[in-house]
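Every read-out reported here was derived from the displayed coordinates using simple, explicitly stated rules and does not represent laboratory data. Just so we're clear, the structure is a prediction, and the values are computed from it rather than from any experiment. Note that each Cβ is placed from the backbone with ideal geometry, even for glycine, and that neighbours are counted across all protein chains shown.
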Amino acid sequence: MSETVTRIRTTVKAGVDPDTMHRQMTGAALAPIGSSENPSNRIFTLANIVTFCRLALTIAFLVTFVSHTGRSLALACYAIAATTDFLDGQIARRTQTVSWLGKVMDPVMDRLLLFTGVLGLIITGELPAWVAAFVILRDAYLFVGALIVRRWRRRPIDVVYVGKAATACLMTGFVDMLLNVPRVAGLGLVHAPWLPGLNADPAALGIFLVYIGVLLSAITAIVYTRTGLNVIHEAQAAQPAAGRKGHDEEA
């Protein structure tokens, strides 16, 4: 049982930060324990407690939002949860209590907060379901692609700016749709009910940012795909060369 737990922990750490995990495993981590370069295994740190509070606020937002018990209260929960995204990281670094749990939980909580906001808008009928399906499928596609690339190169592919722009547009658009202000008249370009704002129905201004974010997300997936294929092709080309070099040395 303990071996299984250890194996799971190692796998998770390798997925989050393989370089740091390698330094710790080999004893090459010279930074103080609790720093970003040498995370601790502690669970109950102040930063992690803030992260757990973000989870509670995220759940409270979803329940309050879809039950129509108070949109203002729901948005307050969402706003506070979003603020803690910056707060827990700052606390961890300033108090030197960076932990592996925090490094794992932070990106998970980011995605969960985004997902619950989107889910709330879908349940209330304010966001087309295809937008959420696209974002989820794109993330799943990139996740699987990253796993494939890691078989050929340990260092992950660098983040591209178009991806950051896509996330910014989506987050800003979703937040504006949650606020539901300002509402603008539909452009009347199409008659499809699944394209609010582009049809004749009025919609929150944020829906147009969401459309831009979806377009940029598609471009991001293409860029990562091309980069990943290049990494794999370069690694495959290097293998025969390395084999030939080893054979020549033996001869």
In which sequence would C53, C169 go, from the one with the fewest C-beta neighbours within 10 Å to the one with the most? C53, C169
If you find the alpha carbon centre of the range 122-138 and of the range 179-230, how far apart are they in angstrom? 11
Normalised alpha carbon radius of gyration of the range 127-251 [divisor 2.2 N^0.38 Å]: 1.54
Suppose a student asked you for the relative contact order of the range 127-251, using Cα pairs under 8 Å spaced at least 6 residues apart; what percent would you report? 29
Cβ density ranking, 10 Å radius, fewest first, applied to V131, V98, V63 yields V63, V131, V98
I want the local charge near V231. Using Cβ-Cβ distances under 15 Å, sum +1 for each Lys or Arg and -1 for each Asp or Glu among the other residues. +4
Per-residue Cβ neighbour rank within 10 angstrom, fewest leading, V210, V181, V135, V66: V181, V66, V135, V210
Could you work out the local net charge near T95, counting Lys and Arg as +1, Asp and Glu as -1, over the other residues with Cβ closer than 13 Å to its Cβ? +2
